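Structure first, then comments.
The values are calculated or read from the model by the stated rules, or taken from the named source; none is laboratory data. From a predicted model like this one, the values you see are computed outputs, not experimental measurements. A quick note on method: Cβ atoms are made from the backbone with ideal geometry, for glycine too, and the neighbour counts reach across all protein chains shown. What goes into the accessible areas is simple: the full protein's heavy atoms, side chains included, and nothing from ligands, DNA or RNA. Shrake-Rupley method; radii C 1.70, N 1.55, O 1.52, S 1.80 Å.
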Amino acid sequence: MTGGLAVGSSAALPAFIPSLPANGLHVGPLDVHAYGLMYVAGIALAMIITIRRWRAVGGDPGLVADMALWAVPAGIVGARVYFDLTTPFDMPRHWWGPFAVWDGGLGVWGGILAGALVGTWRVRRAGADWRLMADAAAPALLVAQAVGRIGNYFNQELYGKPTSLPWALEISPAHRMAGYARYPAFQPSFLYELIFDLALAAALVWLGHHRDIRPPGLLALYVTGYSAYRIFEESIRIDSSAHFLGLRLNMYIALAGTVAGAAWFTAIQRRKPRPQTADARVSASPPAA
């Protein structure tokens, strides 16, 4: 589908970001979904970044692989469970609907919580300091989320209110929300989040190198910053959502995350550090399965 044309320009230029005609490709009998590919790419980048940062504090890279082996599936399950519980009306009407992650529908809050809990368990089981690992992984998580948002572009989802801004996103009629069929272009909220995620990741890396942040302070700032951004995003999104007292459910989650993250960061920085040996802070090898 072609985008609108800029009026009065010497060449025909898109007046807004065009939508894509397909959300994947066919490889023989297989349907390869771009949404899934973006998540795989994001996970791979997150592992590379975390390994580099973990190695810099003396950690064993093998522990990152072990943690990811458990935390990534847990995160995907947690994200899908959160989506199914909060937006059951968006599930495909088939027996496999609750599991159809290839069609989108991963709630980031559930994924973060489940992945963090399982990842922390594996790191603690290895005898390593989960706080150091958390700070090593925090910027990497944001990069993974940013890459994953590209999948929303392919799926023509996660967009906001109608707009005529030059960077508005064209949505094909089949993907427009009920009541918005007459509007051709919308706020590209997935793009806003992509940019914010990368900016926050860069800020966390800078803070880790230039400020004395006690671990897991970077993870607390990740929770605070991302949650604060989601307050803005929830104010412009129009996709279906559970509501409570007139506000989207995720607005309350974002508000709670912002307050809790800021309080957590403050408590971490005020707490007196406990003396630790090098062996207690990092692990030489991952635990046996």
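Using beta carbons and a limit of 9 Å, which pairs, at least six apart or on different chains, have the first residue in segment 161-185 and charged (D, E, K, R) and the second one open to solvent by 70 Å² or more (accessible area, probe 1.4 Å)?
Glu170/Met1; Glu170/Thr2; Glu170/Pro14; Arg176/Arg182
When you look at Ala168, is it within 30 Å of Trp54 (Cβ to Cβ) and crowded, with 16+ Cβ neighbours inside 10 Å, yes or no?
Details: within 30 Å of Trp54 (Cβ to Cβ): no; crowded, with 16+ Cβ neighbours inside 10 Å: yes.
Criteria not met by Ala168.
Are any residues in segment 142-189 within 26 Å of Ala228 (Cβ to Cβ) and basic (Lys, Arg), and if so, which ones?
Across segment 142-189, the qualifying residues are Arg149, Lys161.
If we scan segment 150-160, do we find a residue that is open to solvent by less than 30 Å² (accessible area, probe 1.4 Å) and acidic (Asp, Glu)?
Looking only at segment 150-160, we keep the residues that are open to solvent by less than 30 Å² (accessible area, probe 1.4 Å), and these are 151-152, 155-156, 158-160.
Next, only the ones that are acidic (Asp, Glu) stay: none.
No, the conditions are met nowhere in segment 150-160.
Yes or no: segment 148-158 includes at least one residue that is out of contact with any helix residue (DSSP H, G or I) (no Cβ under 6 Å at 6 or more places or on another chain) and in a loop (DSSP other than H, G, I, E, B).
Among the residues of segment 148-158, at least one is out of contact with any helix residue (DSSP H, G or I) (no Cβ under 6 Å at 6 or more places or on another chain) and in a loop (DSSP other than H, G, I, E, B), which makes the answer yes.
Yes or no, residue by residue, for (1) modelled with pLDDT of 95 or more; (2) in contact with a Leu (Cβ under 7 Å, 6 or more places away or on another chain); (3) outside any loop (DSSP other than H, G, I, E, B); (4) open to solvent by less than 20 Å² (accessible area, probe 1.4 Å):
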position: Phe89; (1), (2), (3), (4): no, no, yes, no
position: Gly105; (1), (2), (3), (4): no, no, no, yes
position: Arg124; (1), (2), (3), (4): yes, no, yes, no
position: Gly127; (1), (2), (3), (4): yes, no, no, no
position: Leu141; (1), (2), (3), (4): yes, no, yes, no
position: Tyr180; (1), (2), (3), (4): no, no, no, no
position: Phe190; (1), (2), (3), (4): no, yes, yes, yes
position: Ala201; (1), (2), (3), (4): yes, yes, yes, yes
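Listed here are the residues, each with its yes/no results for (1) touching a residue at least 40 places away in the same chain (Cβ under 8 Å); (2) open to solvent by 30 Å² or more (accessible area, probe 1.4 Å); (3) assigned to a helix (DSSP H, G or I).
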position	(1), (2), (3)
Tyr35	yes, no, yes
Met47	yes, yes, yes
Ile51	no, yes, yes
Trp54	yes, no, yes
Ala65	yes, yes, yes
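Within segment 236-264, which residues are out of contact with any Leu (no Cβ under 6 Å at 6 or more places or on another chain), open to solvent by less than 50 Å² (accessible area, probe 1.4 Å) and not polar (S, T, N, Q)?
Ile236, Arg237, Ile238, Asp239, Arg248, Met251, Ala254, Gly257, Gly261, Ala262
Checking Phe232 against (1) aromatic (Phe, Trp, Tyr); (2) within 21 Å of Leu37 (Cβ to Cβ); (3) open to solvent by 60 Å² or more (accessible area, probe 1.4 Å): exactly one of these is not met. Which one?
(2)
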